Amino acid sequence: MNHGAPTLELFGLTFNLGNVLMITVASVIVFLIAVLSTRKLAVKPTGMQNFMEWVIDFVRNIINSNMDWNTGGRFLILGTTLIMYIFVSNMLGLPFSVTYNGDLWWKSPTADPVVALTLAVMIVVLTNFYGIKMRGLKGYSKNFVAPMPFLFPLKIIEEFANTLTLGLRLFGNIYAGEILLSLLAGSLATGFWGHIVAFAPTMVWQAFSIFIGAIQAFIFTMLTMVYMAHKVSEDH
(Lines give C-alpha, C1' and ligand atoms only; values in the text may rest on other atoms or scores of the structure.)
Protein backbone atom coordinates (compact mmCIF):
# COMPACT_ATOMS: atom_id res chain seq x y z
CA MET A 1 0.00 0.00 0.00
CA ASN A 2 3.04 2.27 0.37
CA HIS A 3 3.32 3.20 -3.26
CA GLY A 4 5.19 6.13 -4.70
CA ALA A 5 3.96 8.55 -7.32
CA PRO A 6 5.42 8.69 -10.84
CA THR A 7 6.73 12.23 -11.28
CA LEU A 8 8.22 14.40 -13.97
CA GLU A 9 10.30 17.55 -13.44
CA LEU A 10 9.51 20.20 -16.05
CA PHE A 11 10.38 23.92 -15.94
CA GLY A 12 11.06 23.69 -12.24
CA LEU A 13 7.68 22.10 -11.52
CA THR A 14 6.98 18.55 -10.38
CA PHE A 15 4.10 16.80 -12.14
CA ASN A 16 2.43 13.68 -10.80
CA LEU A 17 2.09 11.60 -13.97
CA GLY A 18 -0.37 9.24 -12.29
CA ASN A 19 -2.72 12.16 -11.61
CA VAL A 20 -2.25 13.50 -15.12
CA LEU A 21 -3.10 10.08 -16.59
CA MET A 22 -6.20 9.55 -14.47
CA ILE A 23 -7.51 13.11 -14.95
CA THR A 24 -7.14 12.59 -18.70
CA VAL A 25 -8.86 9.19 -18.61
CA ALA A 26 -11.79 10.61 -16.61
CA SER A 27 -12.11 13.56 -19.00
CA VAL A 28 -12.09 11.29 -22.05
CA ILE A 29 -14.76 9.00 -20.56
CA VAL A 30 -17.06 11.92 -19.73
CA PHE A 31 -16.49 13.39 -23.19
CA LEU A 32 -17.35 10.07 -24.86
CA ILE A 33 -20.51 9.69 -22.76
CA ALA A 34 -21.60 13.20 -23.76
CA VAL A 35 -20.88 12.59 -27.45
CA LEU A 36 -22.52 9.17 -27.61
CA SER A 37 -25.64 10.32 -25.75
CA THR A 38 -26.21 13.35 -27.99
CA ARG A 39 -25.06 11.95 -31.33
CA LYS A 40 -28.54 10.96 -32.52
CA LEU A 41 -31.09 13.08 -30.69
CA ALA A 42 -34.69 11.90 -30.86
CA VAL A 43 -38.02 13.27 -29.69
CA LYS A 44 -38.57 10.05 -27.75
CA PRO A 45 -35.21 9.47 -26.04
CA THR A 46 -33.84 5.98 -25.56
CA GLY A 47 -30.61 4.48 -24.29
CA MET A 48 -27.78 6.94 -23.72
CA GLN A 49 -29.89 9.98 -24.59
CA ASN A 50 -32.41 8.96 -21.95
CA PHE A 51 -29.61 8.63 -19.41
CA MET A 52 -28.19 12.06 -20.28
CA GLU A 53 -31.60 13.71 -20.04
CA TRP A 54 -32.09 12.11 -16.63
CA VAL A 55 -28.74 13.52 -15.44
CA ILE A 56 -29.61 16.98 -16.77
CA ASP A 57 -33.04 16.90 -15.08
CA PHE A 58 -31.37 15.79 -11.85
CA VAL A 59 -28.93 18.71 -11.97
CA ARG A 60 -31.74 21.10 -12.91
CA ASN A 61 -33.58 20.09 -9.72
CA ILE A 62 -30.43 20.74 -7.69
CA ILE A 63 -30.18 24.24 -9.16
CA ASN A 64 -33.89 24.98 -8.65
CA SER A 65 -33.61 23.99 -5.00
CA ASN A 66 -31.00 26.70 -4.43
CA MET A 67 -31.89 29.62 -6.73
CA ASP A 68 -34.44 30.70 -9.30
CA TRP A 69 -33.98 29.33 -12.79
CA ASN A 70 -33.47 32.76 -14.40
CA THR A 71 -30.36 33.12 -12.27
CA GLY A 72 -29.21 29.51 -12.03
CA GLY A 73 -30.02 28.22 -15.51
CA ARG A 74 -26.63 29.32 -16.82
CA PHE A 75 -24.95 26.88 -14.41
CA LEU A 76 -26.69 23.78 -15.79
CA ILE A 77 -23.72 22.76 -17.95
CA LEU A 78 -21.32 23.38 -15.07
CA GLY A 79 -23.37 21.21 -12.72
CA THR A 80 -23.83 18.43 -15.27
CA THR A 81 -20.11 18.36 -16.05
CA LEU A 82 -19.20 18.34 -12.37
CA ILE A 83 -21.50 15.52 -11.31
CA MET A 84 -20.48 13.31 -14.24
CA TYR A 85 -16.76 14.03 -13.98
CA ILE A 86 -16.58 13.49 -10.22
CA PHE A 87 -18.67 10.32 -10.37
CA VAL A 88 -16.49 8.84 -13.12
CA SER A 89 -13.34 9.89 -11.25
CA ASN A 90 -14.62 8.27 -8.06
CA MET A 91 -15.29 5.00 -9.90
CA LEU A 92 -11.96 4.59 -11.72
CA GLY A 93 -10.02 3.19 -8.77
CA LEU A 94 -12.69 0.76 -7.57
CA PRO A 95 -12.18 -2.21 -9.92
CA PHE A 96 -8.38 -2.28 -9.54
CA SER A 97 -5.23 -0.26 -9.08
CA VAL A 98 -2.11 -0.48 -11.22
CA THR A 99 1.44 -0.13 -9.95
CA TYR A 100 4.62 -0.22 -11.99
CA ASN A 101 8.12 -0.20 -10.46
CA GLY A 102 6.61 0.74 -7.12
CA ASP A 103 4.72 3.73 -8.53
CA LEU A 104 0.93 3.94 -8.45
CA TRP A 105 -0.37 4.76 -11.93
CA TRP A 106 -4.05 3.80 -11.86
CA LYS A 107 -6.37 5.01 -9.09
CA SER A 108 -9.28 7.37 -8.60
CA PRO A 109 -7.94 10.88 -9.24
CA THR A 110 -10.22 12.23 -6.51
CA ALA A 111 -8.39 9.96 -4.03
CA ASP A 112 -5.52 12.45 -4.27
CA PRO A 113 -5.83 15.57 -2.07
CA VAL A 114 -4.19 17.76 -4.71
CA VAL A 115 -6.83 16.90 -7.31
CA ALA A 116 -9.76 17.19 -4.88
CA LEU A 117 -8.57 20.52 -3.46
CA THR A 118 -7.86 21.87 -6.96
CA LEU A 119 -11.48 21.13 -7.89
CA ALA A 120 -12.62 22.89 -4.72
CA VAL A 121 -10.44 25.95 -5.40
CA MET A 122 -11.79 26.11 -8.96
CA ILE A 123 -15.38 26.12 -7.66
CA VAL A 124 -14.77 28.79 -5.01
CA VAL A 125 -12.99 31.00 -7.55
CA LEU A 126 -15.87 30.53 -10.02
CA THR A 127 -18.49 31.47 -7.41
CA ASN A 128 -16.66 34.70 -6.65
CA PHE A 129 -16.13 35.43 -10.34
CA TYR A 130 -19.82 35.02 -11.16
CA GLY A 131 -20.76 36.98 -8.04
CA ILE A 132 -18.85 39.99 -9.35
CA LYS A 133 -19.99 39.47 -12.95
CA MET A 134 -23.69 39.16 -12.18
CA ARG A 135 -24.09 41.55 -9.25
CA GLY A 136 -21.33 44.04 -9.85
CA LEU A 137 -18.48 44.73 -7.46
CA LYS A 138 -20.63 46.81 -5.12
CA GLY A 139 -23.43 44.27 -4.83
CA TYR A 140 -20.96 41.42 -4.52
CA SER A 141 -19.05 43.17 -1.73
CA LYS A 142 -22.21 43.35 0.38
CA ASN A 143 -21.91 39.59 0.93
CA PHE A 144 -18.86 40.18 3.12
CA VAL A 145 -20.37 42.83 5.39
CA ALA A 146 -23.95 41.59 5.73
CA PRO A 147 -25.70 41.65 8.10
CA MET A 148 -22.98 43.34 10.21
CA PRO A 149 -19.67 44.85 9.03
CA PHE A 150 -17.70 43.26 11.88
CA LEU A 151 -18.41 39.83 10.31
CA PHE A 152 -16.00 40.61 7.45
CA PRO A 153 -13.06 38.60 8.93
CA LEU A 154 -15.36 35.63 9.49
CA LYS A 155 -16.61 35.80 5.91
CA ILE A 156 -13.00 35.66 4.66
CA ILE A 157 -12.33 32.64 6.89
CA GLU A 158 -15.52 31.06 5.54
CA GLU A 159 -14.14 31.22 1.99
CA PHE A 160 -11.07 29.23 3.02
CA ALA A 161 -13.18 26.83 5.12
CA ASN A 162 -15.52 26.18 2.20
CA THR A 163 -12.54 25.32 0.01
CA LEU A 164 -11.05 22.92 2.54
CA THR A 165 -14.28 21.17 3.46
CA LEU A 166 -15.41 20.83 -0.16
CA GLY A 167 -12.11 19.27 -1.25
CA LEU A 168 -11.19 17.24 1.82
CA ARG A 169 -14.66 15.70 2.15
CA LEU A 170 -14.38 14.35 -1.39
CA PHE A 171 -10.79 13.19 -0.97
CA GLY A 172 -11.32 11.57 2.43
CA ASN A 173 -14.29 9.45 1.41
CA ILE A 174 -12.78 8.18 -1.84
CA TYR A 175 -9.31 7.60 -0.38
CA ALA A 176 -10.70 5.69 2.62
CA GLY A 177 -12.72 3.45 0.31
CA GLU A 178 -9.69 2.56 -1.80
CA ILE A 179 -7.56 1.90 1.29
CA LEU A 180 -10.11 -0.58 2.67
CA LEU A 181 -10.35 -2.30 -0.72
CA SER A 182 -6.56 -2.62 -0.73
CA LEU A 183 -6.65 -4.14 2.75
CA LEU A 184 -9.31 -6.65 1.75
CA ALA A 185 -7.49 -7.62 -1.43
CA GLY A 186 -4.01 -7.70 0.06
CA SER A 187 -4.49 -8.97 3.61
CA LEU A 188 -7.27 -11.51 3.15
CA ALA A 189 -6.75 -12.79 -0.38
CA THR A 190 -3.81 -15.09 0.35
CA GLY A 191 -4.19 -18.50 -1.20
CA PHE A 192 -7.34 -20.27 -2.31
CA TRP A 193 -9.25 -19.99 0.98
CA GLY A 194 -8.10 -16.42 1.39
CA HIS A 195 -9.70 -15.56 -1.94
CA ILE A 196 -12.92 -17.27 -0.87
CA VAL A 197 -13.01 -15.39 2.43
CA ALA A 198 -12.15 -12.05 0.81
CA PHE A 199 -14.62 -12.29 -2.07
CA ALA A 200 -17.86 -11.56 -0.18
CA PRO A 201 -16.65 -8.54 1.88
CA THR A 202 -14.84 -7.17 -1.17
CA MET A 203 -17.99 -7.28 -3.30
CA VAL A 204 -20.04 -5.73 -0.49
CA TRP A 205 -17.53 -2.92 -0.07
CA GLN A 206 -17.33 -2.43 -3.84
CA ALA A 207 -21.10 -1.90 -3.95
CA PHE A 208 -20.96 0.42 -0.94
CA SER A 209 -18.10 2.38 -2.54
CA ILE A 210 -20.16 2.90 -5.70
CA PHE A 211 -22.92 4.31 -3.51
CA ILE A 212 -20.45 6.55 -1.65
CA GLY A 213 -18.92 7.72 -4.94
CA ALA A 214 -22.34 8.69 -6.27
CA ILE A 215 -23.28 10.46 -3.04
CA GLN A 216 -20.01 12.41 -3.02
CA ALA A 217 -20.56 13.53 -6.63
CA PHE A 218 -24.05 14.70 -5.64
CA ILE A 219 -22.83 16.49 -2.50
CA PHE A 220 -20.02 18.26 -4.37
CA THR A 221 -22.45 19.47 -7.05
CA MET A 222 -25.08 20.46 -4.49
CA LEU A 223 -22.60 22.48 -2.42
CA THR A 224 -21.30 24.11 -5.60
CA MET A 225 -24.79 25.40 -6.33
CA VAL A 226 -25.30 26.43 -2.71
CA TYR A 227 -22.10 28.49 -2.76
CA MET A 228 -23.00 29.90 -6.17
CA ALA A 229 -26.45 30.93 -4.97
CA HIS A 230 -24.92 32.77 -2.02
CA LYS A 231 -22.78 34.80 -4.42
CA VAL A 232 -25.13 35.52 -7.32
CA SER A 233 -28.60 35.70 -5.75
CA GLU A 234 -29.84 38.98 -4.31
CA ASP A 235 -31.88 37.30 -1.58
CA HIS A 236 -28.92 35.48 0.01
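The values are calculated or read from the model by the stated rules, or taken from the named source; none is laboratory data. This one's a predicted model, so the numbers in the text were calculated from it and none came from an experiment. Here the Cβ positions follow ideal geometry from the backbone for every residue, glycine too, while neighbour counts run over all protein chains shown. Protein only, heavy atoms only, side chains kept; ligands, DNA and RNA dropped before computing areas. Shrake-Rupley method; radii C 1.70, N 1.55, O 1.52, S 1.80 Å.
Kindly indicate which of SER108, SER141, SER97 is in contact with a Phe, Trp or Tyr (Cβ under 6 Å, 6 or more places away or on another chain) and among the hydroxyl-bearing types (Ser, Thr, Tyr).
SER97
With the structure loaded, tell me whether LEU104 is open to solvent by 70 Å² or more (accessible area, probe 1.4 Å) and among the aliphatic types (A, V, I, L, M) or whether it fails that test.
Taking the combined requirement at face value, the residue does not satisfy it.
Tell me which residues, restricted to the range 1-54, are closer than 30 Å to ASP103 by Cβ and β-branched (Val, Ile, Thr).
Those that are closer than 30 Å to ASP103 by Cβ and β-branched (Val, Ile, Thr): THR7, THR14, VAL20, ILE23, THR24, VAL25, VAL28, ILE29, VAL30, ILE33.
Can you tell me which residues in the range 80-94 are part of a helix (DSSP H, G or I), open to solvent by less than 40 Å² (accessible area, probe 1.4 Å) and out of contact with any Phe, Trp or Tyr (no Cβ under 8 Å at 6 or more places or on another chain)?
Listed by number, the residues that qualify are THR80, MET84, TYR85, VAL88, SER89, ASN90, MET91.
Take the conditions closer than 30 Å to PHE208 by Cβ, outside any helix (DSSP H, G or I) and not basic (Lys, Arg) and apply them to PRO147. Does it pass?
Answer is no for this residue.
Which residue pairs have Cβ atoms closer than 6 Å, lie 6 or more positions apart in sequence or on different chains, and pair a first residue in the range 155-177 that is loosely packed, with under 13 Cβ neighbours inside 10 Å with a second residue that is not small (Gly, Ala, Ser)?
LYS155/PHE144
Identify all residues within the range 1-53 that are open to solvent by less than 60 Å² (accessible area, probe 1.4 Å), within 17 Å of PRO109 (Cβ to Cβ) and either over 20 Å from the mean Cα position of the chain (by Cα) or among the small types (Gly, Ala, Ser) (or both); write none if there are none.
Across the range 1-53, the qualifying residues are GLY4, ALA5, PRO6, GLY18, ALA26, SER27.
Under 7 Å between Cβ atoms, at least 6 apart or on separate chains: pull out the pairs that start in the range 120-136 with a residue that is touching a residue at least 60 places away in the same chain (Cβ under 8 Å) and end on any residue that is β-branched (Val, Ile, Thr).
Close Cβ pairs satisfying both conditions: ILE123/THR224; VAL124/THR163; TYR130/VAL232; GLY131/VAL232; MET134/VAL232; ARG135/VAL232.
What is the number of the single condition among (1) modelled with pLDDT under 90; (2) exposed (fewer than 12 other Cβ atoms within 10 Å of the Cβ); (3) under 20 Å from VAL124 (Cα atoms); (4) not aromatic (Phe, Trp, Tyr) that ILE77 does not meet?
(1)
So, MET67, is that one surrounded by 13 or more Cβ atoms within 10 Å (Cβ to Cβ), assigned to a loop (DSSP other than H, G, I, E, B) and over 17 Å from the mean Cα position of the chain (by Cα) or not?
When the stated conditions are applied, MET67 passes them.
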